[in-house]
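The values are calculated or read from the model by the stated rules, or taken from the named source; none is laboratory data. Here the structure is a predicted model, which means the values were calculated and not measured. In this analysis, Cβ positions are derived from the backbone assuming ideal geometry, glycine residues included, and neighbour counts consider all displayed protein chains. Keep in mind that these areas ignore ligands, DNA and RNA; they rest on the heavy atoms of the full protein, side chains included. Shrake-Rupley method; radii C 1.70, N 1.55, O 1.52, S 1.80 Å.
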Amino acid sequence: MKFPEHIAVIMDGNGRWAKKRLLPRSAGHRAGMNRMIALSEHAFDRGVKYFTLYALSTENLNRPAEELDGLMKLFREYFAENAEMLRKKHITLRVIGDLSLLPADVSAIIGDGVRRTAGGERGVLTLAIGYGARQEIVAAVNRAVRAGKEVSEADFADMLSTAGVPDPDLLIRTGKEKRLSNFLLWQCSYTELYFTDRLFPDFSDGDLDAAIEDYARRDRRYGRTE
Ligand code: IPE
Ligand code: IPE
Ligand code: MG
């Protein structure tokens, strides 16, 4: 049976989850973070090798200061409390995105978590924070220009922040919208897409299993006839 070695998730719908319950958006983000921790664990238990989560886009940085402050608080908490747990479970933490866009102490605590988990061999958990695919591609183009030579597809992939990580087999977006919102535009050129109405805090381990089963039935042709 086909099994996705790399699953990426656009974790959308925290705000609407909170609104439905007459709670502030911050409560939705907290519920989303708790779900993200448990879901990552489930994914690695299922045998997924690479699990990539879109936590904050470059464009999300234009949200009101109050919401961003709340999100930064959650990131501080997440890295302070989870890096050690991930290290013990031999999961390597990677973060992609422009950390210079985040408060200095948040980018420092992220750097610390990444260093502490380096070399974990059970799997790679990548969090996209302050991430935008177009910005990533332009940065890679500029790197190639500075190097002063033409690049192959493989060279170019190595210049992206995801260097060394295979392209996602399956991309899941929760929260009803059917768009990529500037996520992994280069890496997802042949990725299987799965959209669900489920709001992220409600996206259960069983829902992930259902997406994996759906993937197993897909026919990945890569342009061939069979
Ligand atoms: C996703 O939830 C989390 C982030 C983008 C930070 P949203 O905050 O976008 O939730 P909705 O889409 O408003 O419900
Ligand atoms: C996409 O969600 C980004 C993340 C989940 C981090 P958004 O809520 O920002 O996407 P749009 O605005 O609906 O496209
Ligand atoms: Mg949203």
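In the range 10-30, the residues that are at positive phi and within 8 Å of ligand 1 (Cβ to nearest atom) form Cβ pairs under 9 Å with partners that are assigned to a helix (DSSP H, G or I) and open to solvent by less than 90 Å² (accessible area, probe 1.4 Å), at six or more places apart or across chains, as follows: 13/28; 13/32; 13/200; 13/201; 13/202.
A residue that is open to solvent by 10 Å² or more (accessible area, probe 1.4 Å), basic (Lys, Arg), more than 16 Å from ligand 1 (Cβ to nearest atom) and touching a residue at least 24 places away in the same chain (Cβ under 8 Å) cannot be found anywhere in the range 63-86. How about the range 9-24: which of its residues are within 11 Å of ligand 2 (Cβ to nearest atom) and of a type in the set (D, E, K, R)? Once the filter is applied, which keeps residues that are within 11 Å of ligand 2 (Cβ to nearest atom) and of a type in the set (D, E, K, R), the range 9-24 yields 12, 16.
Here is a list: 91, 109. Which entry is touching a residue at least 12 places away in the same chain (Cβ under 8 Å), open to solvent by 20 Å² or more (accessible area, probe 1.4 Å) and either charged (D, E, K, R) or more than 14 Å from ligand 2 (Cβ to nearest atom) (or both)? Before you say what the answer is, go through the steps one by one.
Numbers: 91 fails: open to solvent by 20 Å² or more (accessible area, probe 1.4 Å).
None of the others qualify; the one that does is 109.
Each residue in the range 110-147 was checked for being farther than 22 Å from residue 58 by Cα and touching a strand residue (DSSP E or B) at 6+ places or on another chain (Cβ under 7 Å), and 7 pass. Scanning for something in a helix (DSSP H, G or I) and open to solvent by 30 Å² or more (accessible area, probe 1.4 Å), does the range 170-185 turn up at least one residue? The answer is no; no qualifying residue exists.
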